[in-house]
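Student: Attaching a single structure in structure tokens format; questions to follow.
The values are calculated or read from the model by the stated rules, or taken from the named source; none is laboratory data. Just so it is clear, the structure is predicted and the values come from calculations on it, not from any experiment. Note: ideal-geometry Cβ built from the backbone for every residue, glycine included; neighbour counts use all protein chains shown.
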Amino acid sequence: MTDFNRYLLQEGKHDSKKKLALIFILVSMFFCFAYTIVFMLLGAIVPAVIQLVTGGLFVLAYFLLKSEWEVSAKVLAIVSSFLVTSIQSILFFGNAYGFQFMIIGHIVVVVMIFNYNRKYANSLLIAYLLLSMSTFIYIENLEFGIYENLVSTNLEKWFYNTAAGGTIIALIIIMYFFSKEIDQAKEDLFVMTLTDELTNLYNRRIFMEYGNKLFESNLEAQFTLLLIDIDHFKVINDTYGHKSGDEALKQLSSIFKEQMRMYDLVARYGGEEFAIILPRTDRKSGEQIANRILRAVANKPIRIGVDQEIHITVSIGMSDRSIPHKDFSSMISKADEALYHAKNQGRNQVVLHPKTEFA
């Protein structure tokens, strides 16, 4: 895997972790405020106040996350969730209400939402996991709360089921979302390997693969290749700046796509040069399409600022299967030769190979 691909994957993973943290914060916030109401109705004032304060901490974590204080938001959310679970169980409920199962959920969340490429990150993760498991085991063996026994036989089963069920549901939501994020990251990475980032056209690799496939296919006996180069593009960059040059490339790409049929392939071949493969297109039809592209570019001004427009022309070299070629690379060479002559003969024109013998 290249360093660039690693970067893409890391960036995608980082964004996914932030979204997962947001889900965890919102779900935990909901549970805190829900239990606040339940405890108030049961007359358990102190546990209700603890849930209310913790809910407020999750609200703070939410705003920290939205304000790009990502690590602080995650730490606050995990610490708040762990403490409220531990305090409520150890002081008031013991193992009867099943709150200790939420600690298992915390462990999964911590592993999934934090990045571990920082110094001491792995050591802190191991320490947290040991603390969490020790606390879980301790609560599992704690029949009643140390400070006060608030266990109600009538409510014990209800609380136990809601705590365990809520933890399972939350984990299912998180795992489902995470699997969707992985699928989306794979799809985005795949698209990135196919397209040029600036123009969103296909890249040179896809152009070569498709061209070779057409050339070797007996079903595609006829297809045409166009190589397109922007006239005086260096002047545009030098006069208006590279940002304007990039904008010109993007707008020209849109013009090319507008002129294409659904089965044609338009690619950025490199720099200011583009390539178009026209399947099922003979020499005459290919020349007509090339001239149509030439006129479309010349007639449509390129906007490079709020109130500034420039006119651009292109030169096009063309080759097709009407004459023998050794392979697809040979077709490209012939189209490139035709393009060279189009530039030398005054630009803003289409030259076919071999239309005439080149001098």
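For (1) within 22 Å of Lys326 (Cα to Cα); (2) β-branched (Val, Ile, Thr), each residue gets a yes or a no:
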position: Glu187; (1), (2): no, no
position: Thr199; (1), (2): no, yes
position: Leu214; (1), (2): yes, no
position: Gly245; (1), (2): no, no
position: Lys250; (1), (2): no, no
position: Tyr263; (1), (2): no, no
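Student: Further, regarding this structure: Which one of these does Thr224 not meet: (1) part of a helix (DSSP H, G or I); (2) surrounded by 13 or more Cβ atoms within 10 Å (Cβ to Cβ); (3) not assigned by TED's automatic domain parsing to the domain that holds Val111?
Tutor: Every listed condition holds for Thr224 apart from (1).
Student: Could you say whether any residue in region 296-307 is out of contact with any strand residue (DSSP E or B) (no Cβ under 8 Å at 6 or more places or on another chain), closer than 22 Å to Ile206 by Cα and not β-branched (Val, Ile, Thr)?
Tutor: no
Student: Which condition from (1) at pLDDT below 70; (2) surrounded by fewer than 15 Cβ atoms within 10 Å (Cβ to Cβ) is the one that Leu150 breaks?
Tutor: (2)
Student: Could you say whether any residue in region 208-227 is in contact with a helix residue (DSSP H, G or I) (Cβ under 7 Å, 6 or more places away or on another chain) and among the hydroxyl-bearing types (Ser, Thr, Tyr)?
Tutor: Quick first cut of region 208-227, residues in contact with a helix residue (DSSP H, G or I) (Cβ under 7 Å, 6 or more places away or on another chain) only: 211-212, 215, 220, 223-227.
Remaining after also requiring among the hydroxyl-bearing types (Ser, Thr, Tyr): 224.
Yes; the residues of region 208-227 include at least one that is in contact with a helix residue (DSSP H, G or I) (Cβ under 7 Å, 6 or more places away or on another chain) and among the hydroxyl-bearing types (Ser, Thr, Tyr).
Student: Right, something else. If Ser254 passes every condition in (1) assigned to a strand (DSSP E or B); (2) within 30 Å of the chain's Cα centre (by Cα) but one, which one does it miss?
Tutor: Failing condition for Ser254: (1).
Student: Name, by its number, the condition in (1) more than 25 Å from the chain's Cα centre (by Cα); (2) outside any helix (DSSP H, G or I) that does not hold for Ile50.
Tutor: Every condition holds for Ile50 apart from (2).
Student: Checking the conditions here, which among Glu287, Glu247, Glu272, Glu309 is surrounded by 15 or more Cβ atoms within 10 Å (Cβ to Cβ), over 27 Å from Leu194 (Cα atoms) and either free of Cβ contacts under 8 Å to residues at least 40 places away in the same chain or among the acidic types (Asp, Glu) (or both)? It would help to see each step written out before you state the result.
Tutor: Numbers: Glu247 fails: over 27 Å from Leu194 (Cα atoms); Glu272 fails: over 27 Å from Leu194 (Cα atoms); Glu309 fails: surrounded by 15 or more Cβ atoms within 10 Å (Cβ to Cβ).
When all the criteria are applied, what remains is Glu287.
Student: Continuing with this model, one more query. Can you tell me how many residues within region 33-58 are touching a Ser or Thr at 6+ places or on another chain (Cβ under 8 Å) and either buried (at least 19 other Cβ atoms within 10 Å of the Cβ) or under 15 Å from Thr162 (Cβ atoms) (or both)?
Tutor: Residues in region 33-58 being touching a Ser or Thr at 6+ places or on another chain (Cβ under 8 Å) and either buried (at least 19 other Cβ atoms within 10 Å of the Cβ) or under 15 Å from Thr162 (Cβ atoms) (or both): 6 in total.
Student: Of these, Ile104, Ile25, Ile90, which one is outside any loop (DSSP other than H, G, I, E, B) and at pLDDT 90 or above?
Tutor: Ile25
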